[in-house]
Amino acid sequence: MPLYRVNVLIENKPYISDPEGDTILKDLVIKGGYQQVRSIRVAKMLRLEVEADTEGDARDMVRRMCDELRLYNPMLSICRVESVST
Amino acid sequence: MPTRIGIVVFPGSNCDRDIYHVLRSVMHVEAEFVWHKRDDLHGYDAIVIPGGFAYADRLRAGVIAAFSPVMQGVKRLARDGVPVLGICNGFQILVESGLLPGAFMRNDSLTFTCRWTRLRLSVNGSRTPFTLLLEKGRVLNIPVANQEGKYYADEDTLREMERNEQIIFRYEDNPNGSIHDIGGVCNEQGNVLGMMPHPERACEVMLAPSPSIHGSASESGYGDGMLIFRSLVSYIEHRWAS
């Protein structure tokens, strides 16, 4: 069965405060001379390798798994599942 | 029948022995450890899920533990009205299991925060078995120790929790940025309580570093955390008697 690469991006909803992103922006990036950067949000990415018949099947299975096993907390975060062409 | 309390132990739990000490040596009730692979919890009068770092907080505090066999047993007991107390990481596990509403985030400070806090009871004590002996508005001195301790719930959920009187404790001195100063919540039924501060670390006066935080129970030689465990035991004994 073919192996597909799928990325899962877990990030907090846009209205949730992100003190880590704010600190990186204010105390490193802007102080370091990159004033053009307007915002930074920290997120988590999981890189998966998945056996499936098709790329679509791989993506659907990962999506289902993320919801069922709470890889993200839906109260707080959103979760994007993207397949990566190899 | 003697009171029998189960203390759930996950790989990474680290407050299990503190709770055992309080229940056995301070409260003089029967307590035993329950390994996370067990799913039959029949016969326990109450369950305590202790603090620590179950599964090293990997992915997100509490989420991996929430899928362990023991949580199936805890859910069955919770459904039957048996008191379940989750402290710190135990609170996070109850949230991730869906037994309590909400979510946890990293503290606003982004650092591990370990300090004494003042916690106010926002409802009547009779709302949960763990607050039975307390009057509404009572302030307890109990320490927190957490890094992902910032409680969050969306506005709709908060409104519903307010309506159902599920917000049990609020910090007087919010240590981590928790929304609405929330430090402890219960389920709709009231038998499942999650709290971030550690009452087991505030049961004996010798553990409080200064007289100002000994708490109002200190004249009896005990700290304020003792009121949580005394309430629970009193609830169980009353239930047996009735």
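Every number in this text was worked out from the coordinates using simple rules, so none of it is lab data. What you see is a predicted model, and the numbers here were worked out from it, not measured in a lab. Cβ atoms come from the backbone with ideal geometry, glycine included; neighbour counts cover every protein chain shown.
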Simple spin-label model, 7 Å along Cα-to-Cβ: B:SER126 to B:GLN189 in nm? 2.0 nm
Quote the FRET efficiency, to the nearest 0.05, computed for A:VAL42 versus B:ARG163 with a Förster distance R0 of 25 Å and r equal to the Cβ-Cβ distance. 0.15
Provide B:MET195, A:MET45, B:MET27, B:MET105 in ascending order of the number of other Cβ atoms located within 10 Å of each residue's Cβ, fewest first. A:MET45, B:MET27, B:MET105, B:MET195
Restricting to DSSP H runs of at least four residues, report the calculated mean residue ellipticity at 222 nm for chain B, -39500 (n - 2.57) per run over all residues, nearest 500 deg cm²/dmol. -6000 deg cm²/dmol
Pair B:TRP240, B:HIS42: separation of 7 Å Cα→Cβ label points (nm): 2.0 nm
Counting Lys and Arg as +1 and Asp and Glu as -1, what is the net charge of the other residues whose Cβ lies under 9 Å from the Cβ of A:ALA52? -4
Which of the aspartates and glutamates could be linked to B:LYS75 by a straight reach, that is with a Cα gap under 19 Å, when you skip same-chain ones fewer than 8 residues away? A:GLU68, B:GLU32, B:ASP39, B:ASP40, B:ASP45, B:GLU96, B:GLU188
Where a label projected 7 Å from the Cα of A:ARG80 along Cα→Cβ would reach, residues of segment A:1-35 with amide N under 19 Å: A:5-18, A:21-22
Taking every residue of B:102-110, the Cβ atoms of other protein chains inside 10 Å of its Cβ average out to 4
Note, ³J(HN,Hα) from phi for segment B:187-195, Karplus 6.51, -1.76, 1.60, rounded to Hz, x at Gly and Pro: 7, 4, 5, x, 8, 10, 10, x, 9
Anisotropy class of chain B from Cα gyration tensor, a/c 1.5 cut: rounded
Could you calculate the contour length gain from A:ASP60 to A:GLN35, that is, 0.36 nm times the residue separation minus the distance between their Cα atoms, to one decimal place in nm? 5.0 nm
Show me, for segment A:31-42, the HN-Hα J-couplings you get by feeding each phi into the Karplus relation (A = 6.51, B = -1.76, C = 1.60, θ = phi - 60°), rounded to Hz, glycine and proline as x. 4, x, x, 9, 5, 5, 6, 9, 7, 9, 10, 8
Between segment B:8-52 and segment B:116-157, what's the alpha-carbon centroid distance in Å? 21 Å
